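See structure below.
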Amino acid sequence: MITKEATKVAPAPARPTLDPPRPLKAGHNWDEVPRWQIYLPLSIYLVFTLIPFYWILLFAVRPPGSTSLLPWPMTFQHFEKVWTERSFGTYFENSVLVGVATLLMTTLVALAGGYALARFNFKVKRAFMLGLLCSQFVPGALLLVPLFEIFAELQMINSLGSVILAETVFQLPLSIILISNFIKNVPYSLEEAAWVDGCNRFTAFRIVVLPLLRPGLIAVGSFAFVHSWNHFLFALMFLNNQEKQTIPVGLNTLMSADSVDLGALAAGGIIAAVPVVVVFAFIQKWLITGFSAGAVKG
């Protein structure tokens, strides 16, 4: 006979109490890499990157014949020499003119071509895009002979206009591709809304689309300016008069077969580099945005 005591269910064992999890500190990550593993390789890379700049600055500001590894005593006679005696003031003006003109022409033509590729469909559109991409594999040296023949027929040899046109032609394919991809990221409905409000296509583009293209235009324009500023080959081949030469060609004149004026060459290099560094320091935010947006397929 089963008694009541035998039918009673034994109580369940008590669960062990667990301590509540400790809250993580704000910004703390258990998988975070130690900071020294990040800063050490970056510091090594920074040192190797800055050493050439320090070396060129050292040669530019230390007196002739000095072997000091510190820029002291400091002198600016090398800058005065290249600016006055070696006509770097004229070279600088010519480079600015070529760079600004190339920037404006490349941006305007690329804006028109990029809009056509982004907003219109035509039969040879794919073939045209393929041609633009394939043109990037053609080195600039192959264009020298045909461009020289064309400019000779047009009597543009020894003119800054020949260098500006050559630089613009060389920069257009990549610029059109970037602008086209950037325009594709602008919703087409914005233009349609402007048309409904009474705007024509050009007015809608100018009021609605163009302000949104600022990062892309800055990216394309800065790339064209820097390339034309540093390009040596076209200026060397198309310009014979010293008063028409640009800074890269002027730097080449500081080197001869017998000797090299290191101080003057270093000062000229700094004069050539400072404008580009200053421009990039002001536009780096829009430059990164423009290149990243233009590289994404719409």
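The values are calculated or read from the model by the stated rules, or taken from the named source; none is laboratory data. Everything numeric here is computed off the predicted structure, so don't read it as measured data. Cβ sites come from the backbone with ideal geometry, for glycine too, and all protein chains shown count toward neighbours. Surface areas here come from the heavy atoms of the whole protein model, side chains and all, with no ligands, DNA or RNA. Shrake-Rupley method; radii C 1.70, N 1.55, O 1.52, S 1.80 Å.
What number of residues within region 250-285 are open to solvent by 60 Å² or more (accessible area, probe 1.4 Å), part of a loop (DSSP other than H, G, I, E, B) and either basic (K, R) or at pLDDT 80 or above (or both)?
Of the residues in that region, 0 qualify.
Surrounded by 16 or more Cβ atoms within 10 Å (Cβ to Cβ) and under 19 Å from I176 (Cα atoms): which single residue out of A118, A60, A112, A127 fits that description?
Details: A60 fails: under 19 Å from I176 (Cα atoms); A112 fails: surrounded by 16 or more Cβ atoms within 10 Å (Cβ to Cβ); A127 fails: surrounded by 16 or more Cβ atoms within 10 Å (Cβ to Cβ).
Going through A118, A60, A112, A127 in turn, just one is surrounded by 16 or more Cβ atoms within 10 Å (Cβ to Cβ) and under 19 Å from I176 (Cα atoms): A118.
Those residues that are among the small types (G, A, S) and either at pLDDT below 70 or in contact with a helix residue (DSSP H, G or I) (Cβ under 7 Å, 6 or more places away or on another chain) (or both), I need them from region 27-43; list them, please.
Just the residues of region 27-43 that are among the small types (G, A, S), to begin with: 27, 43.
G27, the sole residue that qualifies.
If you go through region 159-182 one residue at a time, do you hit one that is at pLDDT 85 or above and not in a helix (DSSP H, G or I)?
Scanning region 159-182, I find at least one residue that is at pLDDT 85 or above and not in a helix (DSSP H, G or I), so the answer is yes.
Of the residues in region 82-95, how many are open to solvent by 50 Å² or more (accessible area, probe 1.4 Å) and assigned to a helix (DSSP H, G or I)?
Number of matching residues: 6.
From V209, V249, which residue is out of contact with any Cys (no Cβ under 7 Å at 6 or more places or on another chain), closer than 20 Å to A101 by Cα and among the hydrophobic types (A, V, I, L, M, F, W, C)?
Working: V209 fails: closer than 20 Å to A101 by Cα.
Selected residue: V249, the only one of V209, V249 that is out of contact with any Cys (no Cβ under 7 Å at 6 or more places or on another chain), closer than 20 Å to A101 by Cα and among the hydrophobic types (A, V, I, L, M, F, W, C).
Could we say that L69 is surrounded by 14 or more Cβ atoms within 10 Å (Cβ to Cβ) and among the aliphatic types (A, V, I, L, M) here? Please lay out each step first, then the result.
Values: surrounded by 14 or more Cβ atoms within 10 Å (Cβ to Cβ): no; among the aliphatic types (A, V, I, L, M): yes.
Judged against the criteria, L69 is not a match.
Report, by residue number, each residue of region 39-76 that is in a helix (DSSP H, G or I) and either touching an Asp or Glu at 6+ places or on another chain (Cβ under 6 Å) or aliphatic (A, V, I, L, M) (or both). Full working, then the answer.
Narrowing region 39-76 to residues in a helix (DSSP H, G or I): 39-61.
Matches in region 39-76: L40, L42, I44, L46, V47, L50, I51, I56, L57, L58, A60, V61.
Among the residues of region 190-244, write down those that are aromatic (F, W, Y) and either part of a helix (DSSP H, G or I) or open to solvent by 80 Å² or more (accessible area, probe 1.4 Å) (or both). Talk me through it step by step, then tell me what you get.
Within region 190-244, the first condition is being aromatic (F, W, Y), and the residues that meet it are 195, 202, 205, 223, 225, 229, 232, 234, 238.
If the condition is that a residue be aromatic (F, W, Y) and either part of a helix (DSSP H, G or I) or open to solvent by 80 Å² or more (accessible area, probe 1.4 Å) (or both), then W195, F202, F205, F223, F225, W229, F234, F238 are the ones that fit.
If S228 satisfies every condition in (1) over 25 Å from W83 (Cβ atoms); (2) touching a Ser or Thr at 6+ places or on another chain (Cβ under 7 Å) but one, which is the exception?
All conditions pass for S228, except number (1).
Can you tell me which residues in region 144-169 are open to solvent by less than 40 Å² (accessible area, probe 1.4 Å) and within 25 Å of the chain's Cα centre (by Cα)?
Within region 144-169, L144, L160, G161, S162, V163, I164, A166, E167, T168 qualify.
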